[in-house]
Structures are given as structure tokens and as C-alpha cells.
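Report on the following structure.
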Amino acid sequence: MNRPMTLDDLERLVGVEFPVGEFTIEGYEHWLTTDAIDSPPLPAGVAHPMYAYYAALGGMGLTLDELFAMVGSSAADGPMFGEAALEFREAMRVGETYRVEGGITGAARKTGKRAGVFDIVSFELRVVDSSGTVAAVSTNSFIFPRRTA
Amino acid sequence: MRVSAGTELPVFEVDEVRAAAMKTMAVLLRDPNPIHFDLDVVAALGMGDRVINQGPTNMAYVVNMLVAWAGDPARIRALKVRFLDNVRAGDRVFAGGIVTSVAGDGRHQIAECDVWLDVVGGTRALAGSATVALKGSEAAGETPAK
């Protein structure tokens, strides 16, 4: 069981950098993904634009479980997506490997009438190709219920 | 195709959101959140009796709409969404959008759009905005942003 996260703990998360990771868009995974998300046909070799997200989250250098633990939560607590922003700078390619860098950019505690106490944690991830060009930027926020906060 | 403020984007429809696809995406994304595959957890969390679609997949339906409209994924420049409600296995959903302005960025004509994903007979699951570069022949004229 995770130790309850105090407001100070939460605010100290802002600025924490994730380990640098990498992500390869494997052909078979791309096929399965585009099938699962009902993608329309794409030009040969071009990755679905959602790989700006999938590569960012998949290659961010820590797992979602580790991210949830970092903010004092776990998958069993039912964390939910809040907002997501994608910036597409370069077309991503199937078969390419991308470096992923970034970290936590925001954290706030809120109280809702129905939801009770919950935390919103935001993080930015940059997806960088082999030439050093940022191909995409993915900014996301998760909502963490704090039933015991 | 001529594009100006008020142009409606062709709807992208998913007839039935598939629980099996959620399992595939959970594995591909290494997403351990059991609300996407374990009905017991969904029930224990008071979230109903159907598994919950991954938020990024809901976002992907909107991207699919933009790809189908633009004709080239490279013309999609940005997308920002807020997740408003859940999509569940068995739901029928529509991704839609409308152009709010068209303006030049020096090299291209850029369409700013409002976008959304609606559950048929249900609620709006997400809403946001998108930026799409147009082919030169598509822009019907620059319009001020609302």
C-alpha cells in the first residue's frame, strides 16, 4: 500500500525528469495498433499520428506503474486521463527508433463534489528522431483519485 | 474541397467499440490499468458492467477523422483534447469536427478546428481542438479566429 501523498510531496514532483528512453515503431505492433484503433489506410511506411503519443508513453524511460508509484498511486486506484496535447512536427516512420525525454511539468490537488479529493499531474515528453530533430511533443495529464487523502 | 470557417469535417464512425481491441491495446501500451480488461475491477470501482476504452484510443478515433479528412497524416499539426467521459465496450461512437478559422502561417493555409467524440445515445466523451495544414487549393479564404 502506498504512503498517502501530501501536498508538499505533490508539489515537489514538478521538475522531476524521467529517465531518457527510446521507442521503436515495430511493423507488427503498428499493424496491430492500427487494427485496434480502426485506422483508415495510411501511406506506406508512415506511422499513424497517434504514435506521437504511443512512442512518447511507451519510450519514456519508466513504466506507467512506475509513474503511478512516483505520484503515490497505482493502477488499482483507477487513474484516469485528464487532458492530452500532441504536436506533430515530423512524420514518424514505421521501423524507426526514437529517443524519448521529458518529465513532470505540473501537479495540483483539487476537490470535486462527486469525485472527492484528486490530484492532477501533467508531464511533457519529446520524441526525438535519430538526427536529433523533435518529431513530436506529447503533453498529458492524469487524474489520481485520493480516496484516503 | 473548399474549406472555410464553418466547414464541417466528415464524421468518423466506430460501429461498436471492441473489448478485444482494448486488451490488444493494453498489451501494446503496457498499460496495467485493469479497467480496460477486468470486469470485476470495473464493478468494484463503481464504473459499471462494461470495460472502459483507453483514453488514447478515443483520441485516436478523432485522429482517424482528421487523417481521413486531410488525406495525409503529415498535414495534421496539433491536437489537444480533454477527456470528459468514458467510452465502454459495445458503444457506438462518432468523431466529428468543424473548422473555426483558416489563416496563413507564411507557407501554408492552416485550419483550426473544434473536434469531439460522441457516444451515440450517451455523452460527449472528449472535446478539443486540432490544427490541420490545407492544400493550397482548399482554402476558401482567410477568416478571423472566433
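The values are calculated or read from the model by the stated rules, or taken from the named source; none is laboratory data. All values derive from a computational prediction rather than experimental measurement. No Cβ is skipped: glycine too gets one built from the backbone with ideal geometry, and neighbour counts run over all protein chains shown. For the accessible areas, the whole protein counts, side chains as well, though only heavy atoms, and no ligand, DNA or RNA atoms are used. Shrake-Rupley method; radii C 1.70, N 1.55, O 1.52, S 1.80 Å.
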Out of the residues in region A:68-103 that are part of a loop (DSSP other than H, G, I, E, B) and touching a Gly at 6+ places or on another chain (Cβ under 7 Å), which is surrounded by the fewest Cβ atoms within 10 Å (Cβ to Cβ)?
A:95
Please work out if residue A:129 is more than 13 Å from chain B (Cβ to nearest Cβ), open to solvent by less than 30 Å² (accessible area, probe 1.4 Å) and of a type in the set (D, E, K, R).
no
So which residues in region A:38-58 are crowded, with 19+ Cβ neighbours inside 10 Å and either more than 11 Å from chain B (Cβ to nearest Cβ) or part of a helix (DSSP H, G or I) (or both)?
A:51, A:52, A:53, A:54, A:55, A:56, A:57, A:58
Return the only residue of B:67, B:42, B:63 being in contact (Cβ under 8 Å) with a residue 12 or more places away in the chain, assigned to a helix (DSSP H, G or I) and within 12 Å of chain A (Cβ to nearest Cβ).
B:63
Here the qualifying pairs (Cβ atoms under 9 Å; residues six or more apart or on different chains; first in region A:82-107 and facing chain B (nearest Cβ under 7 Å); second surrounded by 20 or more Cβ atoms within 10 Å (Cβ to Cβ) and of a type in the set (Phe, Trp, Tyr)) come out as A:82/A:142; A:82/B:83; A:83/B:83; A:84/A:53; A:84/B:83; A:86/A:53
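Per-residue answers, yes or no, for (1) touching a Lys or Arg at 6+ places or on another chain (Cβ under 9 Å); (2) among the basic types (Lys, Arg); (3) within 20 Å of residue B:132 (Cα to Cα):
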site: B:6; (1), (2), (3): no, no, yes
site: B:22; (1), (2), (3): no, no, no
site: B:34; (1), (2), (3): no, no, no
site: B:46; (1), (2), (3): no, no, no
site: B:63; (1), (2), (3): no, no, yes
site: B:77; (1), (2), (3): yes, yes, yes
Long-range neighbours under 7 Å by Cβ, at least six apart or interchain, first residue within 20 Å of residue A:136 (Cα to Cα) within region A:11-26, second among the hydrophobic types (A, V, I, L, M, F, W, C) and in a loop (DSSP other than H, G, I, E, B):
A:18/A:60; A:18/A:62; A:19/A:62; A:21/A:60; A:25/A:47; A:25/A:92; A:25/A:94
Test for residue B:84: is it of a type in the set (A, V, I, L, M, F, W, C) and open to solvent by less than 10 Å² (accessible area, probe 1.4 Å)
no
Restricting to region B:83-101, give me the number of residues that are modelled with pLDDT under 95, out of contact with any helix residue (DSSP H, G or I) (no Cβ under 9 Å at 6 or more places or on another chain) and either of a type in the set (D, E, K, R) or part of a strand (DSSP E or B) (or both).
1
Residue hits (region A:104-125; open to solvent by 50 Å² or more (accessible area, probe 1.4 Å) and touching a Ser or Thr at 6+ places or on another chain (Cβ under 8 Å)) are A:105, A:124
Collect the residues in region B:12-36 that are open to solvent by 90 Å² or more (accessible area, probe 1.4 Å) and more than 7 Å from every other protein chain (Cβ to nearest Cβ), keeping them in residue-number order.
B:15, B:16, B:23, B:27
So which of A:65, A:35 ends up being closer than 22 Å to residue B:58 by Cα, part of a helix (DSSP H, G or I), open to solvent by 40 Å² or more (accessible area, probe 1.4 Å) and touching a Lys or Arg at 6+ places or on another chain (Cβ under 9 Å)?
A:65
(1) within 14 Å of another protein chain (Cβ to nearest Cβ); (2) among the aromatic types (Phe, Trp, Tyr); (3) under 26 Å from residue B:78 (Cα atoms) all hold for residue A:118 apart from (3)
Search region A:42-57 for residues that are under 18 Å from residue A:142 (Cβ atoms) and pair each with any residue that is basic (Lys, Arg) and at pLDDT 95 or above when their beta-carbon atoms are under 8 Å apart and the residues are at least 6 apart or on different chains.
A:56/A:126
